[in-house]
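Colleague: I'd like to ask you about the structure that follows.
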Amino acid sequence: MSNQEIMMSCRKCGSKHHVGEMNYDSDGSSLICTGCAGKQFNKPSSSTGTRQKLEKPKKIRYICTSCNYKFSRDPGKHRVDVCPYCSKEGNIEEYKEQGAEKLLREATEI
């Protein structure tokens with residue numbers, strides 16, 4: 001018996017189709033016919049027609065002055081007085097990235 005002879009029922013509409021005409025639905029859990037698959041993937045999106053991206057809050061970068069561990073946290077969500085790496089208190093500062101020119105100037109002053 002070849003694959004073309006095997007008939008299956010569509011999980012959406014219930015009609016019988018050859019195995020070669022079946023596709024997995026969007027979540028991959030069941031087989032549906034090509035007609036239902038076309039309807040499923042051509043659904044109109046939201047009423048405005050465009051998706052809105054959710055903005056992630058800008059994270060604040062910190063550095064531990066004891067171990068030089070750099071990390072970031074969402075503002076206002078987490079306590080930032082203990083280093084997550086070395087667990088020392090009171091050695092956390094906001095990390096400001098330094099430009100190459102500033103690093104070179106400091107290196108020549110030493």
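Each reported figure results from applying straightforward, stated rules to the coordinates on display, with no laboratory input. This structure is a prediction, so every number in the text was calculated from the model and none was measured. We place every Cβ from the backbone using ideal geometry, glycine too, and count neighbours over all the protein chains shown.
Colleague: Rank by packing, highest mean first: peptides 83-90, 6-13, 24-31, with packing defined as the count of other Cβ atoms within 10 Å averaged across residues.
Modeller: Details: 83-90: 12.9, 6-13: 14.5, 24-31: 11.2.
Descending packing order for the listed peptides: 6-13, 83-90, 24-31.
Colleague: Let me ask something else. Which lysines have a Cα lying under 16 Å from the Cα of LYS56, excluding residues fewer than 8 positions away in the same chain?
Modeller: Straight-distance partners of LYS56: LYS77.
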